[in-house]
Amino acid sequence: MINKILLSIPIITLIATQAVSSYAGDRVIAAVDREPITHLEVMMVRSESPGLTYSEAVNLLIERSLILQWGRKNRVSVSDKELDDIINSMASRNNTTTEEFEKFIKSRGQTMDSYRERVRDQLMITRAMSAALADQIQVSNEEITDVYERDYPAKKTFTLSHILLGLPEGSSGKEEEEKRAEAMSLLDRIQAGLPFAEAAGQYSDDNTSAPSGGSLGTYTQGELLPALEKAVLTMKKGEVGGPARSHLGFHLVYLTDIGSTVEPLSEVREKISLSLRREKEKTARKRWLKKLREETYIEIFADEG
């Protein structure tokens, strides 16, 4: 149960940070408009993200403080009822009661009050950023259309049949040339009038498609074996081509139809919109935090442990 709770609470690091910051031997290593950041807070962040340098962890805590201060100044808030609902929801998702959940928090050396405040801070950060950046991450229909036309072009489709003359991996050069010659001979017979479907049923080593005259169905460009796709891209509808060499052996290909398909905008609109919003949010967040830094008095007393 404890493991599941830990996985469902992304703010557990912040909870632990608050607890260790009061231990003996702690020291203030930075201040954001007089709000302190301590050495042990930094070390806790690093323990949860070992790849961070000391200065990177300090920077993360500075940004966190900047966002919280902006939120308070701009009347961003989280009510006690919202906190109650969230904590009850956490307990419910982990199949435990609120009382058991509280015992777990206390077993981590925390008080429920400190835990609630850290949950409140995390929600404040999310809401503050959403409020500050909302106008900068709007996505227009024109932007979505531009991305759609650029990244979702129409693709060719190929309806084809094949005859596989199999060649085991590791075959010698002589065996390969003999199999190629066999494929060329069969191609000559087909072009001379032997029906492709009949040849497939009699000679193809593809036991799945041979009974149906070698039919593979319809594929969108990019879905075929590279050797087959390379072959059909140079062919016209109704042509028989090859032999094309793949890891399976030699293929003779009958291209029965060529078409095109395009993924409807309605099916990818939300995906495109989400991607654009994320890009804009990343840029806007960086710009906003830079502005907050410039407007806030920040002192760093030590940049390494």
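The values are calculated or read from the model by the stated rules, or taken from the named source; none is laboratory data. Quick caveat: nothing in here was measured; it's all calculated off a predicted structure. Note: ideal-geometry Cβ built from the backbone for every residue, glycine included; neighbour counts use all protein chains shown.
Okay, residues lined up against (1) polar (S, T, N, Q); (2) farther than 21 Å from Val232 by Cα; (3) free of Cβ contacts under 8 Å to residues at least 40 places away in the same chain:
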| site | (1), (2), (3) |
| --- | --- |
| Leu160 | no, no, no |
| Gly173 | no, yes, yes |
| Arg180 | no, no, no |
| Ala183 | no, no, no |
| Leu187 | no, no, no |
| Ala197 | no, no, yes |
| Ser204 | yes, no, no |
| Asn207 | yes, yes, yes |
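Mind listing whichever residues of segment 193-243 are under 19 Å from Glu182 (Cα atoms), among the hydrophobic types (A, V, I, L, M, F, W, C) and in a helix (DSSP H, G or I)?
Phe196, Ala197, Ala199, Ala200, Ala210, Ala227, Leu228, Ala231
Confirm whether Ile9 is at pLDDT below 90 and closer than 30 Å to Ala134 by Cβ. First the steps, then the outcome.
Numbers: at pLDDT below 90: yes; closer than 30 Å to Ala134 by Cβ: yes.
Spelling it out, Ile9 is indeed at pLDDT below 90 and closer than 30 Å to Ala134 by Cβ.
Among the candidates Ser172, Ser130, Ser140, single out the residue that is surrounded by 11 or more Cβ atoms within 10 Å (Cβ to Cβ) and of a type outside the set (D, E, K, R). Can you show your working first?
Values: Ser172 fails: surrounded by 11 or more Cβ atoms within 10 Å (Cβ to Cβ); Ser140 fails: surrounded by 11 or more Cβ atoms within 10 Å (Cβ to Cβ).
Answer to the selection: Ser130.
Determine which single condition Lys291 fails, assuming it passes every other condition in (1) out of contact with any helix residue (DSSP H, G or I) (no Cβ under 9 Å at 6 or more places or on another chain); (2) on the phi > 0 side of the Ramachandran plot.
That leaves (2) as the condition not met.
Given the criteria of a type in the set (Val, Ile, Thr), touching a strand residue (DSSP E or B) at 6+ places or on another chain (Cβ under 8 Å), surrounded by 15 or more Cβ atoms within 10 Å (Cβ to Cβ) and within 30 Å of Glu35 (Cβ to Cβ), does Ile258 qualify? Before the answer, list the steps.
Numbers: of a type in the set (Val, Ile, Thr): yes; touching a strand residue (DSSP E or B) at 6+ places or on another chain (Cβ under 8 Å): yes; surrounded by 15 or more Cβ atoms within 10 Å (Cβ to Cβ): yes; within 30 Å of Glu35 (Cβ to Cβ): no.
No; evaluated as a whole, the condition is false for this residue.
So which of Ala231, Ala244 ends up being closer than 24 Å to Glu198 by Cβ, in contact with a Phe, Trp or Tyr (Cβ under 9 Å, 6 or more places away or on another chain) and without any contact (Cβ under 8 Å) to a residue 24 or more places away in the chain? Before the answer, list the steps.
Working: Ala231 fails: in contact with a Phe, Trp or Tyr (Cβ under 9 Å, 6 or more places away or on another chain).
Step by step, each of Ala231, Ala244 is checked, and only Ala244 is closer than 24 Å to Glu198 by Cβ, in contact with a Phe, Trp or Tyr (Cβ under 9 Å, 6 or more places away or on another chain) and without any contact (Cβ under 8 Å) to a residue 24 or more places away in the chain.
Conditions (1) assigned to a strand (DSSP E or B); (2) farther than 16 Å from Pro243 by Cβ, marked per residue:
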| position | (1), (2) |
| --- | --- |
| Val147 | no, yes |
| Thr159 | yes, yes |
| Leu165 | yes, no |
| Arg180 | no, no |
| Leu186 | no, no |
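Quick check, is Ala227 at pLDDT below 95, over 30 Å from Pro36 (Cα atoms), assigned by TED's automatic domain parsing to the domain that holds Gly193 and surrounded by 13 or more Cβ atoms within 10 Å (Cβ to Cβ)? So that I can check it myself, show each step before the final result.
Details: at pLDDT below 95: yes; over 30 Å from Pro36 (Cα atoms): yes; assigned by TED's automatic domain parsing to the domain that holds Gly193: yes; surrounded by 13 or more Cβ atoms within 10 Å (Cβ to Cβ): yes.
In short, yes.
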